[in-house]
1. Residues that are in a loop (DSSP other than H, G, I, E, B) and touching a residue at least 60 places away in the same chain (Cβ under 8 Å): does the range 327-338 have at least one?
2. Restricting attention to the range 394-432, report how many residues are farther than 14 Å from S69 by Cβ and in contact (Cβ under 8 Å) with a residue 12 or more places away in the chain.
3. What's the total number of residues in the range 307-326 that are assigned to a loop (DSSP other than H, G, I, E, B), open to solvent by 20 Å² or more (accessible area, probe 1.4 Å) and within 30 Å of G121 (Cα to Cα)?
4. When R18 is evaluated against the numbered criteria (1) basic (K, R); (2) open to solvent by 50 Å² or more (accessible area, probe 1.4 Å); (3) part of a helix (DSSP H, G or I), which criterion, by number, is the only one it fails?
5. Looking at A377, is it farther than 28 Å from V173 by Cβ, touching a residue at least 40 places away in the same chain (Cβ under 8 Å), aliphatic (A, V, I, L, M) and in a helix (DSSP H, G or I)?
6. Suppose we filter I392, I433 for residues that are of a type in the set (V, I, T), open to solvent by 10 Å² or more (accessible area, probe 1.4 Å) and in a loop (DSSP other than H, G, I, E, B); which single one remains?
7. Pick out the one residue from Y162, Y144 that is of a type in the set (S, T, Y), out of contact with any Asp or Glu (no Cβ under 7 Å at 6 or more places or on another chain) and over 24 Å from Y203 (Cα atoms).
8. Could you list, ordered by first residue, the pairs with Cβ atoms under 8 Å in which the first is in the range 231-243 and closer than 12 Å to R216 by Cβ and the second is aromatic (F, W, Y) and in a helix (DSSP H, G or I), at least 6 apart or interchain?
Amino acid sequence: MTSWLPNIKEGKSPLYIRVADQIEDAIMAGNLPAGAKLPPQRNLAYDIGVTIGTISRAYSLLHERGLVSGEVGRGTYVRPRPEIASQDANDPATASFAGTRPFHPPPGKIRFDSTAAPDVGQNQIIAGIINDIMRDHPREIASYTRSFPDHWSEAGARWLSYGNWTPAIDSVVPTLGAHAGIMAIISSLTSPGDRIVFEHMTYSQISRAAGLIGRRSSLVDADDFGVLPEDFERVCVQLHPKIAFFMSSAQNPTLATLPLDRRRAIADIAHRHNVWLIEDNLYGAMDKKDIPLIAELAPDRTFVIDGLSKSVAAGTRGGWVACPPHFAQRVRIAHKMLTGGLPFMLAELCSRLVLSGEAERIWDRCRIEINAREELAREILAGHDFNSNPDIPFLWLKLPEPWLSATFKNAVLADGVLIDDEDEFRAGRSGKITHRVRIGFSSPHTRQDVAAGLKVVRRLLENGSAGYDSLA
């Protein structure tokens with residue numbers, strides 16, 4: 001908690017405005033850095049000789065300006081912000097779909113808020129392939145992508161294959177990553193006002209992006225094994241959604257995996273209620289559990305998503321969609337309208353990575369690194385409650401009393417570590433509270449950095465008294 005105090009003798013505006021202005025000046029000057037905890041209202045009021053009401057109004061004004069976050073029981077913290085903030089950064093409408101991550105992360109922090117593939121030297125392999133593409137396709141590099149060679153879809157069919165399931169090559173659409181592929185599906189099959197089903201906790205950037213184009217989110221309950229089919233049926237009967245977005249294996253952030261009987265039930269419910277299914281297998285493909293995809297059970301209405309971001313290299317923006325029969329062209333056109341078109345360089349790079357076998361070899365190296373980091377996490381966080389998987393680059397940590405998710409996130413930020421609180425994964429307004437945080441450990445450059453960040457997390461987990469700080 002900061003010891004900085006405002007000087008209320010300066011200025012002629014009302015006291016609460018003077019307090020708020022001085023706090024803002026201190027934030028902009030760096031005297032109150034991102035993550036700094038402001039004094040409880042009662043303490044600050046006593047220290048500078050004003051009423052609690054004055055401080056309450058000042059803090060409310062700072063909230064309106066987008067400079068701080070928090071509420072009673074959690075404390076008030078300086079929000080992360082770029083060195084030069086624009087007016088748009090404080091716009092409440094922008095904040096409503098931006099999520100809880102800072103758009104410009106503060107520098108010098110250990111990044112546990114990303115699950116991109118770890119750096120295992122793949123840049124050298126990628127550089128060689130890019131050189132070959134430049135030599136082989138100089139005209140294509142200089143122009144727009146006018147055609148889609150068959151080997152782009154062939155690579156996608158190979159990468160999307162899972163267990164005994166392999167999509168038809170003509171059903172596969174190459175995309176600018178998994179996110180763009182999902183939005184192409186949603187845009188091509190729904191209209192503004194249509195409902196899309198999400199779990200309460202999920203990859204919420206899809207629900208926010210869908211809201212940005214006028215679609216509405218409907219939430220379905222889940223437990224430790226994933227979506228509850230009976231609640232999915234309730235949502236279908238009551239709200240008539242057009243699409244449901246599910247991660248059937250290694251769900252983000254809970255790591256839940258749907259048992260086969262639930263997959264069958266979801267496929268049956270989707271058939272009876274004419275609901276399309278998007279099966280995001282980005283993490284599931286890394287898990288390699290021997291359970292059929294929902295797409296095997298409902299091939300006529302399930303779109304399967306996968307890409308290279310978590311297992312090979314996020315910067316390649318490589319992804320593919322496997323579509324039900326006769327939908328590939330529709331999704332391809334929607335993808336082009338949304339993104340402006342697929343760059344030849346990236347599509348050719350990703351296809352060569354897969355077809356040459358280099359993607360699999362990089363994945364093997366990434367898996368070894370992820371396994372080692374997950375084992376490190378289990379050692380350092382031993383005795384605490386969390387879900388993890390040796391092949392998945394994050395864990396879902398249960399916070400002990402009295403920690404709240406957002407409070408803990410701010411506390412570790414103050415100690416130099418970026419993590420995701422549970423609000424980052426809410427697909428809509430939800431009363432479900434998990435008191436958990438997600439820790440992604442693939443982005444730090446070295447295992448030593450991972451260990452250092454995890455030790456910060458453990459120390460704060462065991463310093464429960466810090467979680468009692470509040471506004472009053």
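1. Scanning the range 327-338 turns up at least one residue that is in a loop (DSSP other than H, G, I, E, B) and touching a residue at least 60 places away in the same chain (Cβ under 8 Å).
2. Going through the range 394-432 one residue at a time, the tally reaches 24.
3. 3
4. (2)
5. In short, yes.
6. Of the residues listed, the single one that is of a type in the set (V, I, T), open to solvent by 10 Å² or more (accessible area, probe 1.4 Å) and in a loop (DSSP other than H, G, I, E, B) is I433.
7. Just a single option satisfies the conditions, and that option is Y144.
8. none
The values are calculated or read from the model by the stated rules, or taken from the named source; none is laboratory data. What you see is a predicted model, and the numbers here were worked out from it, not measured in a lab. Ideal geometry is used to build each Cβ from the backbone, glycine not excepted, and the neighbour counts take in all protein chains shown. Surface accessibility is based on the protein's heavy atoms, side chains included, excluding ligands, DNA and RNA. Shrake-Rupley method; radii C 1.70, N 1.55, O 1.52, S 1.80 Å.
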